[in-house]
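The values are calculated or read from the model by the stated rules, or taken from the named source; none is laboratory data. Values in this document were obtained by computation on a predicted structure and should not be read as measured data. Note that we place each Cβ from the backbone using ideal geometry, even for glycine, and neighbour counts take in every protein chain shown. These area figures cover heavy atoms from the full protein model, side chains too; ligands, DNA and RNA do not enter into them. Shrake-Rupley method; radii C 1.70, N 1.55, O 1.52, S 1.80 Å.
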Amino acid sequence: MLICGSCGEENSDKGRFCSNCGSPLEAPPEAREVRKTVSLVFTDLAGSTAMAEKLDPETVRRVMARYFTLMSSILEKHGGVVEKYIGDAVLAVFGIPQLHEDDALRAVRAAIEMRDAMAVLNAEFEAEYGVSLAVRTGVNTGEVVAGDPGSGQAFVSGDPVNVAARLEQHAGAGEILIGPDTYRLVRNAVAVEPVDPVDAKGKSEPLRPYRLLDVKSDAPGFARRLDSRFVGREHESNLVNQGFERALKERACHLFTILGPAGVGKSRLVADVLDH
(Lines give C-alpha, C1' and ligand atoms only; values in the text may rest on other atoms or scores of the structure.)
Protein backbone atom coordinates (compact mmCIF):
# COMPACT_ATOMS: atom_id res chain seq x y z
CA MET A 1 0.00 0.00 0.00
CA LEU A 2 1.30 3.45 -0.95
CA ILE A 3 0.55 6.59 1.07
CA CYS A 4 0.12 9.80 -0.90
CA GLY A 5 2.67 12.37 0.22
CA SER A 6 0.27 15.22 -0.61
CA CYS A 7 -3.01 14.21 1.00
CA GLY A 8 -2.23 11.06 2.99
CA GLU A 9 -4.67 8.85 1.05
CA GLU A 10 -3.98 5.11 1.00
CA ASN A 11 -3.56 3.71 -2.50
CA SER A 12 -2.88 0.39 -4.18
CA ASP A 13 0.75 -0.64 -4.64
CA LYS A 14 0.08 -0.78 -8.39
CA GLY A 15 -1.16 2.80 -8.61
CA ARG A 16 0.95 5.55 -10.17
CA PHE A 17 -1.26 8.46 -9.14
CA CYS A 18 -3.28 9.16 -5.99
CA SER A 19 -6.92 8.14 -6.35
CA ASN A 20 -7.94 11.12 -4.19
CA CYS A 21 -5.87 14.11 -5.35
CA GLY A 22 -4.10 12.83 -8.47
CA SER A 23 -0.57 13.49 -7.20
CA PRO A 24 2.17 11.14 -8.44
CA LEU A 25 2.81 8.24 -6.07
CA GLU A 26 6.32 7.24 -5.10
CA ALA A 27 7.35 4.02 -3.46
CA PRO A 28 8.95 4.55 -0.04
CA PRO A 29 12.76 4.44 -0.14
CA GLU A 30 14.39 1.20 0.88
CA ALA A 31 15.45 1.16 4.49
CA ARG A 32 19.17 1.48 4.91
CA GLU A 33 21.35 -0.18 7.47
CA VAL A 34 24.58 1.41 8.64
CA ARG A 35 27.40 0.46 10.94
CA LYS A 36 27.97 2.83 13.82
CA THR A 37 30.01 2.89 16.98
CA VAL A 38 27.55 3.68 19.75
CA SER A 39 27.29 3.49 23.52
CA LEU A 40 24.48 1.49 25.06
CA VAL A 41 22.86 1.82 28.47
CA PHE A 42 20.97 -1.25 29.67
CA THR A 43 19.26 -0.73 33.01
CA ASP A 44 16.87 -2.97 34.93
CA LEU A 45 15.04 -2.96 38.22
CA ALA A 46 16.12 -5.05 41.18
CA GLY A 47 13.31 -6.10 43.48
CA SER A 48 10.39 -5.53 41.14
CA THR A 49 9.01 -9.06 41.66
CA ALA A 50 8.76 -8.56 45.42
CA MET A 51 7.10 -5.20 44.83
CA ALA A 52 4.52 -6.72 42.47
CA GLU A 53 3.69 -9.34 45.08
CA LYS A 54 3.15 -6.71 47.77
CA LEU A 55 1.12 -4.14 45.83
CA ASP A 56 -2.10 -4.34 43.84
CA PRO A 57 -1.80 -4.25 40.03
CA GLU A 58 -3.01 -0.66 39.64
CA THR A 59 -0.42 0.59 42.12
CA VAL A 60 2.32 -1.43 40.43
CA ARG A 61 1.32 0.17 37.15
CA ARG A 62 1.58 3.68 38.62
CA VAL A 63 4.98 2.92 40.17
CA MET A 64 6.37 1.48 36.95
CA ALA A 65 5.01 4.33 34.85
CA ARG A 66 6.70 6.85 37.16
CA TYR A 67 9.95 4.87 36.96
CA PHE A 68 9.94 4.56 33.16
CA THR A 69 9.07 8.24 32.69
CA LEU A 70 11.91 9.39 34.94
CA MET A 71 14.52 7.06 33.44
CA SER A 72 13.55 7.94 29.87
CA SER A 73 13.66 11.68 30.55
CA ILE A 74 17.18 11.40 31.99
CA LEU A 75 18.43 9.34 29.06
CA GLU A 76 16.93 11.73 26.53
CA LYS A 77 18.29 14.77 28.38
CA HIS A 78 21.80 13.45 27.85
CA GLY A 79 21.20 12.74 24.17
CA GLY A 80 20.21 9.09 24.32
CA VAL A 81 17.40 7.43 22.41
CA VAL A 82 15.30 4.82 24.19
CA GLU A 83 15.30 1.89 21.81
CA LYS A 84 13.04 -0.50 23.69
CA TYR A 85 11.52 -1.55 27.00
CA ILE A 86 12.03 -5.21 27.92
CA GLY A 87 9.93 -6.06 30.94
CA ASP A 88 11.39 -3.85 33.68
CA ALA A 89 14.48 -3.03 31.61
CA VAL A 90 15.28 -0.02 29.46
CA LEU A 91 17.75 -0.10 26.56
CA ALA A 92 19.01 3.26 25.33
CA VAL A 93 21.48 4.11 22.57
CA PHE A 94 23.84 7.07 22.40
CA GLY A 95 25.02 7.83 18.86
CA ILE A 96 21.79 7.30 16.92
CA PRO A 97 20.49 9.02 14.92
CA GLN A 98 23.18 11.64 15.52
CA LEU A 99 26.72 10.68 16.42
CA HIS A 100 28.57 12.73 19.05
CA GLU A 101 32.23 12.66 19.92
CA ASP A 102 31.34 12.22 23.59
CA ASP A 103 28.57 9.63 23.34
CA ALA A 104 30.32 7.32 25.81
CA LEU A 105 30.63 10.15 28.33
CA ARG A 106 26.97 11.07 27.84
CA ALA A 107 26.03 7.46 28.51
CA VAL A 108 27.91 7.19 31.82
CA ARG A 109 26.64 10.59 32.96
CA ALA A 110 23.08 9.40 32.28
CA ALA A 111 23.72 6.15 34.16
CA ILE A 112 24.99 8.02 37.23
CA GLU A 113 22.05 10.44 37.19
CA MET A 114 19.60 7.54 36.87
CA ARG A 115 21.14 5.84 39.87
CA ASP A 116 21.03 9.03 41.96
CA ALA A 117 17.49 9.86 40.85
CA MET A 118 16.24 6.57 42.25
CA ALA A 119 17.07 7.79 45.76
CA VAL A 120 14.65 10.69 45.33
CA LEU A 121 12.05 8.50 43.67
CA ASN A 122 12.31 5.89 46.42
CA ALA A 123 11.58 8.52 49.05
CA GLU A 124 8.25 9.08 47.29
CA PHE A 125 7.58 5.35 46.92
CA GLU A 126 8.38 4.70 50.59
CA ALA A 127 6.05 7.45 51.74
CA GLU A 128 3.17 6.51 49.45
CA TYR A 129 3.43 2.73 49.00
CA GLY A 130 5.99 1.45 51.50
CA VAL A 131 8.29 0.05 48.81
CA SER A 132 11.68 0.93 47.34
CA LEU A 133 13.45 -0.06 44.15
CA ALA A 134 17.03 -0.17 42.93
CA VAL A 135 18.44 -0.08 39.42
CA ARG A 136 21.37 -2.05 38.10
CA THR A 137 22.99 -0.87 34.90
CA GLY A 138 25.42 -1.99 32.24
CA VAL A 139 27.10 0.45 29.85
CA ASN A 140 29.00 -0.76 26.80
CA THR A 141 30.45 0.73 23.63
CA GLY A 142 31.01 -0.91 20.28
CA GLU A 143 30.10 -1.20 16.64
CA VAL A 144 26.51 -2.15 15.83
CA VAL A 145 24.29 -2.35 12.78
CA ALA A 146 21.65 0.36 13.00
CA GLY A 147 18.43 -0.07 11.05
CA ASP A 148 15.69 2.38 10.22
CA PRO A 149 13.22 2.48 13.14
CA GLY A 150 10.55 3.93 10.87
CA SER A 151 10.57 0.78 8.76
CA GLY A 152 9.89 -1.57 11.66
CA GLN A 153 13.39 -3.01 11.62
CA ALA A 154 15.38 -3.72 14.75
CA PHE A 155 16.97 -0.46 15.75
CA VAL A 156 20.41 -1.78 16.71
CA SER A 157 21.92 -5.23 16.71
CA GLY A 158 25.33 -6.68 17.38
CA ASP A 159 27.52 -8.10 20.11
CA PRO A 160 27.83 -4.78 22.04
CA VAL A 161 24.09 -4.95 22.78
CA ASN A 162 24.45 -8.43 24.27
CA VAL A 163 27.48 -7.35 26.31
CA ALA A 164 25.57 -4.38 27.76
CA ALA A 165 22.82 -6.79 28.85
CA ARG A 166 25.35 -9.17 30.41
CA LEU A 167 26.99 -6.34 32.33
CA GLU A 168 23.60 -5.30 33.68
CA GLN A 169 22.83 -8.85 34.76
CA HIS A 170 26.07 -9.10 36.75
CA ALA A 171 25.70 -5.68 38.40
CA GLY A 172 24.45 -5.56 41.95
CA ALA A 173 21.53 -3.44 43.11
CA GLY A 174 22.50 0.20 42.69
CA GLU A 175 25.66 -0.69 40.72
CA ILE A 176 26.81 0.39 37.28
CA LEU A 177 29.24 -1.81 35.35
CA ILE A 178 30.94 -0.41 32.26
CA GLY A 179 32.79 -2.30 29.57
CA PRO A 180 36.50 -1.81 28.84
CA ASP A 181 35.85 0.04 25.56
CA THR A 182 33.58 2.50 27.35
CA TYR A 183 36.18 2.98 30.09
CA ARG A 184 38.87 3.72 27.50
CA LEU A 185 36.76 6.60 26.16
CA VAL A 186 35.83 8.11 29.54
CA ARG A 187 38.80 7.22 31.74
CA ASN A 188 39.78 10.82 32.50
CA ALA A 189 36.29 11.78 33.65
CA VAL A 190 35.28 8.87 35.86
CA ALA A 191 36.09 7.24 39.16
CA VAL A 192 35.97 3.45 38.88
CA GLU A 193 37.20 0.34 40.53
CA PRO A 194 38.00 -2.90 38.70
CA VAL A 195 35.89 -5.96 39.37
CA ASP A 196 36.60 -9.64 38.92
CA PRO A 197 36.29 -10.97 35.36
CA VAL A 198 32.74 -11.96 34.47
CA ASP A 199 31.90 -15.21 32.72
CA ALA A 200 29.09 -14.04 30.47
CA LYS A 201 26.74 -16.43 28.73
CA GLY A 202 27.63 -16.83 25.06
CA LYS A 203 31.06 -15.16 25.34
CA SER A 204 34.23 -17.14 24.66
CA GLU A 205 36.34 -14.89 26.90
CA PRO A 206 35.46 -13.41 30.31
CA LEU A 207 34.37 -9.78 30.40
CA ARG A 208 36.58 -7.41 32.35
CA PRO A 209 34.30 -4.58 33.45
CA TYR A 210 34.75 -1.67 35.83
CA ARG A 211 32.39 -0.54 38.58
CA LEU A 212 31.45 3.09 37.93
CA LEU A 213 31.52 5.16 41.10
CA ASP A 214 31.25 8.77 39.93
CA VAL A 215 31.66 11.11 36.95
CA LYS A 216 33.41 14.47 37.16
CA SER A 217 31.06 17.26 36.21
CA ASP A 218 33.34 19.23 33.90
CA ALA A 219 36.03 16.80 32.78
CA PRO A 220 36.44 15.54 29.20
CA GLY A 221 36.22 11.83 28.62
CA PHE A 222 39.90 11.59 27.77
CA ALA A 223 42.72 14.13 27.92
CA ARG A 224 43.84 15.35 24.51
CA ARG A 225 47.56 15.47 23.79
CA LEU A 226 47.94 18.87 22.17
CA ASP A 227 51.63 19.19 23.03
CA SER A 228 52.71 16.88 20.19
CA ARG A 229 53.50 18.21 16.75
CA PHE A 230 50.49 18.74 14.49
CA VAL A 231 51.10 16.83 11.25
CA GLY A 232 49.19 15.89 8.14
CA ARG A 233 47.10 19.05 7.91
CA GLU A 234 49.54 21.50 6.31
CA HIS A 235 47.22 22.23 3.37
CA GLU A 236 44.22 22.96 5.60
CA SER A 237 46.30 25.05 8.00
CA ASN A 238 47.69 27.11 5.12
CA LEU A 239 44.20 27.77 3.79
CA VAL A 240 42.97 29.15 7.12
CA ASN A 241 46.16 31.15 7.74
CA GLN A 242 45.97 32.64 4.26
CA GLY A 243 42.35 33.55 4.90
CA PHE A 244 43.40 35.31 8.08
CA GLU A 245 46.10 37.29 6.27
CA ARG A 246 43.63 38.21 3.55
CA ALA A 247 41.09 39.38 6.14
CA LEU A 248 43.74 41.67 7.66
CA LYS A 249 44.78 43.01 4.30
CA GLU A 250 41.25 43.61 2.95
CA ARG A 251 39.76 44.58 6.32
CA ALA A 252 36.87 42.21 5.61
CA CYS A 253 35.51 39.08 7.21
CA HIS A 254 36.09 35.58 5.84
CA LEU A 255 34.15 32.55 7.02
CA PHE A 256 35.60 29.02 7.15
CA THR A 257 33.49 25.96 7.81
CA ILE A 258 35.47 22.93 8.95
CA LEU A 259 33.67 19.65 8.33
CA GLY A 260 34.73 16.11 9.16
CA PRO A 261 33.74 13.01 11.12
CA ALA A 262 34.23 12.81 14.88
CA GLY A 263 37.85 12.42 15.89
CA VAL A 264 39.40 13.55 12.60
CA GLY A 265 41.05 16.61 14.18
CA LYS A 266 38.76 19.60 13.64
CA SER A 267 39.30 21.06 17.11
CA ARG A 268 43.03 20.44 16.87
CA LEU A 269 43.21 22.31 13.54
CA VAL A 270 41.42 25.32 15.06
CA ALA A 271 43.68 25.29 18.12
CA ASP A 272 46.80 25.08 15.93
CA VAL A 273 45.68 28.02 13.81
CA LEU A 274 44.88 30.12 16.88
CA ASP A 275 48.30 29.33 18.36
CA HIS A 276 49.91 30.40 15.10
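Points worth noting:
- Filter pass, PHE94 being in contact with a Gly (Cβ under 6 Å, 6 or more places away or on another chain), more than 18 Å from ALA173 (Cβ to Cβ) and in contact (Cβ under 8 Å) with a residue 40 or more places away in the chain: yes
- Flag for ALA65 being of a type in the set (Gly, Ala, Ser), at pLDDT 85 or above, within 16 Å of ALA134 (Cα to Cα) and open to solvent by 20 Å² or more (accessible area, probe 1.4 Å): yes
- Restricted to segment 159-231, the set of strands (runs of 3 or more DSSP E) holding at least 2 residues that are out of contact with any Lys or Arg (no Cβ under 8 Å at 6 or more places or on another chain) comprises 210-215.
- One residue stands out in segment 229-248 among those that are open to solvent by less than 100 Å² (accessible area, probe 1.4 Å) and touching a His at 6+ places or on another chain (Cβ under 8 Å): the one that is farthest from ASP272 (Cα to Cα), namely ALA247.
- Residues located in segment 96-135, provided they are surrounded by 23 or more Cβ atoms within 10 Å (Cβ to Cβ) and part of a strand (DSSP E or B): VAL135
- Residues in segment 155-172 that are more than 17 Å from GLY87 (Cα to Cα) and of a type in the set (Gly, Ala, Ser) were compared, and the one that is surrounded by the fewest Cβ atoms within 10 Å (Cβ to Cβ) is GLY172.
- Answer from VAL190, VAL145 - the residue that is surrounded by fewer than 20 Cβ atoms within 10 Å (Cβ to Cβ), on the phi < 0 side of the Ramachandran plot and in contact (Cβ under 8 Å) with a residue 40 or more places away in the chain: VAL145
- Taking the numbered list (1) open to solvent by less than 50 Å² (accessible area, probe 1.4 Å); (2) within 30 Å of GLY260 (Cβ to Cβ) in turn, GLU76 passes all entries but (1).
- Restricting segment 249-276 to residues that are open to solvent by 60 Å² or more (accessible area, probe 1.4 Å) and part of a helix (DSSP H, G or I), the residue that is nearest to PRO220 (Cα to Cα): SER267
- Restricting the first member to segment 259-276 and to residues that are under 18 Å from GLN98 (Cβ atoms), and the second to residues that are of a type in the set (D, E, K, R) and not in a loop (DSSP other than H, G, I, E, B), the beta-carbon pairs closer than 8 Å and six or more apart or on different chains are LEU259/LYS266; GLY260/LYS266.
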